[in-house]
Amino acid sequence: MELVFIRHGQGQHTANLPESLNVVNPQLTKIGKNQAKSLRTSHPLTEKDALIVSPSLRTLQTADVWSGNIECLKIVHPLVAPRIFPSRSEAVTLPCDELLGSERFLKEFPQFHVATNLTTTLWETGINVLPDDEFCRLAQVLIDFCHNLKREKVYIVTHDGTITSYRQELSGLVLTRDDFLEEVQSYRLLL
């Protein structure tokens, strides 16, 4: 299985740092929407692919613009929600990283399915400030979930800290914030 992590397009929360980090449920900017469209060329989807998306507005918009009318499997999953990297015990979730409620994303993105058999807590708080040992356990849950999809290629649209956390966990490398991907950049991993 090929796992491809993709960072979402430019969101409103990066427009005027650090104040813009207080924007709740930031959307894609016009640039972000164009970046999402560019994924159609750089990472063309087929109906054989799976697309797993963080429950945030900017990631869902990125995936929606990118996937267009392609009938691939589309799943919203809290194990790819925002994550602070590196993790810090005193960290708190910023307004820009609060999760979009399921009622809203099901209404606005009805073509996406919801990952099942997960705790309510994961849907409420995600993985943003989980201790590393708990994240490591849940990283394996996500990998098992991806394997069970039985798809050759699984794309994950998520956030810079989340991608770097999974990269570090799955590769065994020690990474830093300097390893963050830019908007709509990707990281491929064969499992």
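Read-outs throughout are calculated quantities, based only on the coordinates presented, and are distinct from any laboratory measurement. Just so it is clear, the structure is predicted and the values come from calculations on it, not from any experiment. A quick note on method: Cβ atoms are made from the backbone with ideal geometry, for glycine too, and the neighbour counts reach across all protein chains shown.
Number of residues in the stretch 49-66 that are in contact with a helix residue (DSSP H, G or I) (Cβ under 7 Å, 6 or more places away or on another chain), among the β-branched types (Val, Ile, Thr) and buried (at least 24 other Cβ atoms within 10 Å of the Cβ) equals 3.
The set of residues in the stretch 1-48 being surrounded by 13 or more Cβ atoms within 10 Å (Cβ to Cβ) and assigned to a loop (DSSP other than H, G, I, E, B) consists of Met1, His8, Gly9, Gln10, Ala15, Val23, Asn25, Pro26, Gln27, Thr29, His43, Leu45. For Val76, the stated conditions hold: it is free of Cβ contacts under 8 Å to residues at least 40 places away in the same chain, buried (at least 21 other Cβ atoms within 10 Å of the Cβ) and under 30 Å from Val174 (Cα atoms). Among residues of the stretch 26-41 that are without any contact (Cβ under 8 Å) to a residue 40 or more places away in the chain and of a type in the set (Lys, Arg), those with a beta-carbon under 8 Å from a residue that is assigned to a helix (DSSP H, G or I) and surrounded by 15 or more Cβ atoms within 10 Å (Cβ to Cβ) at least six positions away or on a different chain give the pairs Lys33/Gln61; Lys33/Val65; Lys37/Val65; Lys37/Trp66; Arg40/Trp66. A search for C-beta distances below 9 Å between a residue of the stretch 97-108 that is of a type in the set (S, T, N, Q) and any residue that is surrounded by 14 or more Cβ atoms within 10 Å (Cβ to Cβ) and outside any helix (DSSP H, G or I), counting only pairs 6+ apart in sequence or on different chains, returns Ser102/Pro55; Ser102/Val76; Ser102/Val114. Considering only residues in the stretch 144-186 that are surrounded by 11 or more Cβ atoms within 10 Å (Cβ to Cβ) and among the small types (Gly, Ala, Ser), the one that is farthest from Phe5 (Cα to Cα) turns out to be Ser171. Scanning the stretch 112-126 for residues that are exposed (fewer than 11 other Cβ atoms within 10 Å of the Cβ) and of a type outside the set (Ser, Thr, Tyr) yields a single hit, Asn117. When the stretch 182-191 is filtered for residues that are closer than 21 Å to Cys136 by Cβ and touching a helix residue (DSSP H, G or I) at 6+ places or on another chain (Cβ under 8 Å), the ones remaining, listed by number, are Tyr187, Leu189, Leu191.
Considering the stretch 127-139, and only residues there that are touching an Asp or Glu at 6+ places or on another chain (Cβ under 9 Å) and part of a helix (DSSP H, G or I), the residue that is surrounded by the most Cβ atoms within 10 Å (Cβ to Cβ) turns out to be Phe135. Just need a number here: residues in the stretch 131-169 that are more than 17 Å from the chain's Cα centre (by Cα) and of a type in the set (Lys, Arg). Final tally of qualifying residues: 3. For Ser87, the criteria (1) free of Cβ contacts under 8 Å to residues at least 60 places away in the same chain; (2) part of a loop (DSSP other than H, G, I, E, B); (3) surrounded by 14 or more Cβ atoms within 10 Å (Cβ to Cβ) hold in every case but one, which is (1).
Out of the stretch 22-55, which residues are of a type outside the set (A, V, I, L, M), within 14 Å of the chain's Cα centre (by Cα) and under 10 Å from His8 (Cα atoms)? Residue satisfying the conditions is Ser54 alone.
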